[in-house]
Amino acid sequence: MKYTEDHEWLRAEGDEIVVGITRHASEQLGDVVFIELPEEGREVAAGEEIVVIESVKAASDITAPVAGVITGVNAALADSPGDVNGDPMAAWFFRIKPAEASAMDGFMDEAAYTALVE
């Protein structure tokens with residue numbers, strides 16, 4: 001697992017990266033009531049806003065951590081956005097096939113992320 005400064009978690013699975021938000025991000029958002037996911041097959045640039053999350057506290061965006069192509073989305077979140085609050089490490093948002101194989105090299109490990117949020 002790797003982590004971004006934007007409180008996303010990244011898990012490599014084969015040649016894809018699965019992306020979600022951390023428990024810290026989920027707690028900061030409060031109760032999530034709506035999630036808009038990107039379309040499968042969409043080509044995205046690193047840093048591009050691709051997911052919209054609305055909670056009782058605020059609206060927020062998730063950006064693509066790397067450049068690549070969206071290969072899958074967790075459509076169940078559209079019907080049950082609160083799953084993000086229940087178990088944010090299991091409630092993934094999208095899968096992306098990165099444009100570069102070394103795409104995850106620059107992200108934080110768990111110890112570095114824990115130090116960031118404490």
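The values are calculated or read from the model by the stated rules, or taken from the named source; none is laboratory data. Keep in mind that this is a model prediction, so the values were computed, not measured. In this analysis, Cβ positions are derived from the backbone assuming ideal geometry, glycine residues included, and neighbour counts consider all displayed protein chains. Side chains included, ligands, DNA and RNA excluded: accessible areas come from the protein's heavy atoms. Shrake-Rupley method; radii C 1.70, N 1.55, O 1.52, S 1.80 Å.
Can you give me the % of accessible surface on the chain that is carbon or sulfur? Probe 1.4 Å, all protein chains present, nothing else counted.
46 percent
In the context of the full set of protein chains, the chain has a per residue accessible area of 52 Å² (1.4 Å probe). The charge dipole of the chain, taken about its Cα centre with unit charges on the Cβ atoms of Lys, Arg (+1), Asp and Glu (-1) only, comes to about 100 debye. Beyond 20 Å, what percent of the Cα pairs of the stretch 1-103 remain? Looking at the stretch 1-103, the distances longer than 20 Å represent 29 percent of pairs.
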